[in-house]
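Encoded as structure tokens, the structure appears first; notes follow it.
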Amino acid sequence: MRNLLATLLLSIVLPVAAADRPGNLQPVPEPPPPPPGFDLDPALEPQVTIIKRGTDTVEEYRVGGKLYMLKVTPAHGIPYYLIDEKGDGRMTRQDSLDFGVRPPLWVIHSW
């Protein structure tokens, strides 16, 4: 029993002691360059503007200067989103960013 306890203790302590040694550290390599033709266009980056309207906070999301989503966070309550789904300027309200993809929750057996 003592041998088993000693073996378990050493199997826990030795890897921890070896990991703490500064000689085992290696520098993190530099990330590789992006593939050719993959230049990030700043106009395609989303621009977020945060506006305080009374007690509500409104975040406007734009790409290329076009508004595509608003996130409204009331002082008391759950945030909701206004999303331009078709690109025609008409916003539809969604209470979350859940786009309807849900796993099936079928009851297989109950007793």
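The values are calculated or read from the model by the stated rules, or taken from the named source; none is laboratory data. Please read these numbers as outputs of a predicted model, since none were measured by experiment. Neighbour counts run over all protein chains shown; Cβ positions are idealised from the backbone, glycine included.
Of the residues making up region 19-65, those that are surrounded by 10 or more Cβ atoms within 10 Å (Cβ to Cβ) and free of Cβ contacts under 8 Å to residues at least 12 places away in the same chain number 2.
Evaluate region 80-93: report whether one residue or more is modelled with pLDDT of 90 or more and of a type in the set (Ser, Thr, Tyr). The answer is yes, given that some residue of region 80-93 is modelled with pLDDT of 90 or more and of a type in the set (Ser, Thr, Tyr). Just one of the listed residues (ALA6, ALA19, ALA75, ALA43) is of a type in the set (Gly, Ala, Ser) and modelled with pLDDT of 85 or more, and it is ALA75.
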